Amino acid sequence: MPICIHCGVELDDGLKICPLCGKNPENSAAEAAGPASTPSAILKIHKKEQRRSLWELSTILLFSGIVICLMVDLLTVRGFQWAPLASVQILLAWVVLTLFLFSRKRPLLLLAGTMVAVLAALAATDLFAGGFHWFLPVGLPITAAAFLFLSILLFFHRRIPLNGLNLPGAGLLLIAGFCMVTEIILDLFMTGSIDLRWSLITTVSLLPLALILFFTHYRLKKGRRLETLFHV
Amino acid sequence: MNGENHISAPGGRSPGENHLSALKKKGWLELDNAAKLYPAIVSSSLTAVFRITATLRDPVRYNALREAVTRTSARFPYFNVSLGSGLFWHFLEFNQQEPRIQAEEEIPCTAFAITRKNEPLYRILARGNRISVEFLHILTDGSGALEYLKSLLYTYLTLCGHPPGDPGGILLPETPFSKEETEDGYNRFFRKLPPPSKSRKAWHLPFRLNEKPRLRVIRAEMSTKELLGVAREHQVSLTEYLVAVYFLALQHIFLDSGGLKKNRKNLLRIQVPVNMRSKFPTRTLRNFSLFVLPETDLRLGTYTFEEILLSVHHQMQMYSGLKEIARFLSSNVSYEKLFIIRIMPLFIKKMITAAIYRGLASKRFTGTVTNLGQVTLPPEMGEWVTALEFIPPPPNPKVKAGCGIISYNGNLRITFVNITRSTDLEKVMLRHLTRAGIRVKILSDT
């Protein structure tokens with residue numbers, strides 16, 4: 001009788017896949033072809049099932065919320081006044097939840113999907129509030145800037161491990177940059193010219209703090225990780 | 001086997017079989033007193049899963065194992081259950097599912113997906129010439145799991161064409177079912193007694209935890225005869241001797257890490273499970289064990305090994321006596337009988353239980369030493385089953401380490417479970433054993 005080279009158990013003649021590991025019993029480089037059969041694989045499947053159940057329940061609840069809002073609006077004012085705005089926010093919550101549940105391990109997709117959903121929600125809100133007024137000059141660039149800074153953080157996290165005090169340090173730098181961009185966009189929308197004030201104060205306050213964090217991380221703690229620093 | 005099974009009831013079935021069919025008709029079982037704790041505290045790292053492994057002479061034959069599992073599981077139907085949630089208590093629901101036969105992984109005692117529908121609460125693992133059973137403590141304790149494994153091995157060897165001889169007390173598929181097998185021993189032998197005195201919090205190992213997955217296992221094998229000889233020289237039992245060595249290792253680490261300090265817990269206490277079936281007349285295969293908690297107060301000074309041994313011996317003798325253990329049992333069961341606890345919604349009960357466990361119960365002892373004792377199999381089986389091993393559940397992050405002991409075929413195996421980066425505990429303990437003249441062999445994973 002053949003012996004599975006992965007598990008070392010004897011199999012009956014003719015078994016092409018080992019029922020224990022789900023792999024070809026004679027091929028050392030074989031990928032699992034059969035059903036997952038290790039305790040940890042079952043746990044992974046269970047976590048997927050739990051996420052699916054949570055998504056189904058949330059979908060029922062959120063879409064019931066939309067229907068209730070629309071009905072109440074329709075029955076009280078014989079038309080739609082506030083319900084479309086509420087529905088847009090509920091839809092946004094549903095899209096973000098869906099992305100978070102099913103794309104957690106793909107941060108770029110999660111980030112891009114969330115940005116598109118937020119932009120769509122802002123555009124719809126502006127539209128329902130009486131036409132496009134603030135979305136294009138303010139909502140779109142500020143949202144895009146926020147996600148751009150988040151993407152930069154993600155990019156550097158992949159290149160340089162941001163897992164110690166350098167993580168809050170980088171976060172503070174990006175917050176400073178985001179504040180400046182926001183003030184520029186708001187200034188252009190409101191006055192048509194750039195006059196940096198509060199964002200400069202924020203930046204000069206955050207910069208030294210970020211430098212202290214970087215210094216502590218790279219010189220004093222020699223790259224110690226946050227999880228060991230706050231180990232309980 | 002209990003005599004009741006041999007008296008036929010009306011309809012030609014034994015009372016045990018009638019009880020079993022009534023249970024199946026009812027469709028569920030209440031959790032025993034010990035099991036009620038686990039749903040509140042189990043997690044992916046604190047799994048409450050233990051493993052017993054049998055090493056065979058030949059590689060495992062999958063098809064024979066599959067058939068043996070089917071037959072053995074039918075004999076132990078009360079293990080074919082999954083965990084259900086009621087409004088006030090969890091319960092065990094019959095699910096007609098056989099346990100999964102899975103490939104043994106590197107990290108033992110992986111968690112069960114207990115909230116998954118129809119998820120079995122025990123599993124069979126195989127790799128090379130090893131067959132293991134892993135049970136969630138909600139289902140049974142080490143003795144119950146050992147009965148299952150013996151039955152599985154007997155049936156497996158029969159199917160492989162290796163006649164395993166007279167089964168003796170092994171429960172086989174054809175052995176009549178006894179009503180006692182499913183009983184809750186804690187409730188049966190409960191009587192209201194004054195509670196034991198409250199214990200102080202114990203000192204804990206100061207080591208940092210491993211990266212996830214945290215559990216690391218070290219196995220050591222030695223001759224039972226040699227160890228028993230040394231224990232007898234000191235006029236103590238084998239368990240008492242090993243508990244004393246564990247205390248000595250803890251004291252060594254305690255002194256190494258700074259010793260006696262003000263405002264520090266200076267008490268070493270070891271949790272030693274006691275099989276209650278040896279104290280009370282029952283054949284239950286569900287949880288029926290309690291603990292003895294010998295301690296060493298280091299405020300009184302440093303102890304020599306002889307002093308520790310003497311203290312452990314007397315404490316173990318005293319606390320494992322029927323009266324003291326009955327008092328402990330009474331204290332545990334009386335909580336679940338309180339009206340306010342019974343009507344408390346399950347989610348609140350779980351939150352309170354988890355908080356009490358994390359805040360109090362897990363801090364009461366420094367380590368755990370679980371001895372499953374001497375296992376005997378029919379001599380014909382002994383030719384095919386070369387070794388047995390017991391891996392206790394992973395320790396909690398406070399206690400950090402523990403060990404399981406099992407003796408079989410003239411050999412004793414100590415399995416250390418440790419979630420820290422240090423191996424000092426194992427090192428000091430095993431060095432002491434070798435200095436006592438016992439030959440110790442460290443085993444590899446396979």
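The values are calculated or read from the model by the stated rules, or taken from the named source; none is laboratory data. Everything numeric here is computed off the predicted structure, so don't read it as measured data. FYI the Cβ positions are ideal-geometry reconstructions off the backbone, even for glycines, and counts take in every protein chain you see. Note: accessible area is taken over every heavy atom of the protein model, side chains too, but ligands, DNA and RNA are not part of it. Shrake-Rupley method; radii C 1.70, N 1.55, O 1.52, S 1.80 Å.
Annotations for the structure displayed:
- A simple rule links phi to the HN-Hα coupling: the Karplus curve 6.51 cos²θ - 1.76 cosθ + 1.60 with θ = phi - 60°, which for the stretch B:415-429 gives 10, 8, 10, 9, 10, 9, 8, 9, 10, 4, 4, 4, 4, 5, 5 Hz, with x for Gly and Pro.
- Seen from B:PRO39, the other residues with C-beta closer than 14 Å to its C-beta sum to a net charge of -1, counting Lys and Arg as +1 and Asp and Glu as -1.
- The mean number of partner chain beta-carbon atoms within 10 angstrom of a residue's beta-carbon across peptide B:97-108 is 4.
- Measuring nothing but protein heavy atoms, the accessible surface of the stretch A:142-192 at 1.4 Å probe radius is 79 percent carbon and sulfur.
- Cross-link partners of B:LYS398 among aspartates and glutamates, defined as those whose alpha carbon lies under 20 angstrom from its own and excluding same-chain residues fewer than eight positions apart: A:GLU227, B:GLU211, B:ASP256, B:GLU295, B:ASP297, B:ASP424, B:GLU426.
- Look at the alpha carbon pairs under 8 Å that are at least 6 residues apart: their mean separation over the length of chain B gives a relative contact order of 23 percent.
- Computed over chain B with a Gaussian network model linking Cα atoms closer than 10 Å, the most mobile of B:CYS109, B:CYS403, B:CYS160 is B:CYS160.
- Taking a ≥ b ≥ c as the square roots of the eigenvalues of the Cα gyration tensor, chain A is classed as oblate, since a/c reaches at least 1.5 and a/b does not exceed b/c.
- Relative contact order, whole percent, for chain A stands at 10, derived from Cα pairs under 8 Å and 6 or more residues apart.
- Using a probe of 1.4 angstrom and keeping all protein chains present, the accessible surface of chain A works out to 62 square angstrom per residue.
- Remark on B:THR420: its backbone amide H falls under 5 Å from those of B:ASN210, a criterion applied only to residues 5 or more positions apart or on other chains, H modelled at 1.01 Å from N.
- Max mean-square fluctuation residue, GNM over chain B, Cα-Cα springs under 10 Å, options B:THR296, B:THR415, B:THR115: B:THR115
- For a straight C-alpha distance cut-off of 18 angstrom, the aspartates and glutamates reachable from B:LYS192 (same-chain residues fewer than eight places away being disregarded) are B:ASP32, B:ASP184, B:GLU324, B:GLU336.
- For B:LEU228, solvent-accessible area (1.4 Å; no DNA, RNA or ligand), Å²: 50 Å²
- Charge tally in the Cβ shell below 15 Å around B:PHE339, where Lys, Arg are +1 and Asp, Glu are -1, B:PHE339 excluded: +3
- Pairs from B:LYS25/B:LYS179; B:LYS36/B:LYS427; B:LYS212/B:LYS427; B:LYS26/B:LYS179; A:LYS47/B:LYS337; B:LYS36/B:LYS363 whose Cα-Cα separation, in the structure shown, is over 26 Å: B:LYS36/B:LYS427; A:LYS47/B:LYS337
- Unit charges at the beta carbon, dipole of the protein assembly as shown: most positive-side option, A:ASN24, B:ILE405, B:THR296: B:THR296
- Threshold 40 Å² - residues in the stretch B:43-77 whose accessible area is reduced by that much or more when the chain is no longer isolated, probe 1.4 Å: B:PRO59, B:ARG61, B:TYR62, B:ASN63
- Rounded, prolate or oblate (a/c below 1.5 giving rounded, otherwise prolate when a/b exceeds b/c) for the stretch A:134-232 by Cα gyration tensor: prolate
- GNM result for chain B, Cα springs below 10 Å: residue of B:PRO39, B:PRO394, B:PRO194 fluctuating most strongly: B:PRO194
- Other protein chain C-beta atoms within 10 Å of residue C-beta, averaged over A:16-25: 3.
- If you model the stretch B:3-185 as an ellipsoid using its alpha carbon gyration tensor, with each semi-axis the square root of five times an eigenvalue, the axes come out at 25, 25, 13 Å, biggest first.
- Contact order normalised by residue count of the stretch B:36-146, Cα under 8 Å, 6+ apart, percent: 37 percent
- Mean residue ellipticity, 222 nm, helices only, chain A: the sum of -39500 (n - 2.57) across DSSP H runs of n ≥ 4, divided by residue count and rounded to 500, is -22000 deg cm²/dmol.
- Nonlocal amide H pairs with B:GLY84, under 5 Å, H built at 1.01 Å: B:PHE91, B:LEU92, B:GLU93
- Charge sum, other residues only, whose C-beta stays under 13 Å from A:PRO141's C-beta, Lys/Arg counted +1 and Asp/Glu -1: -2
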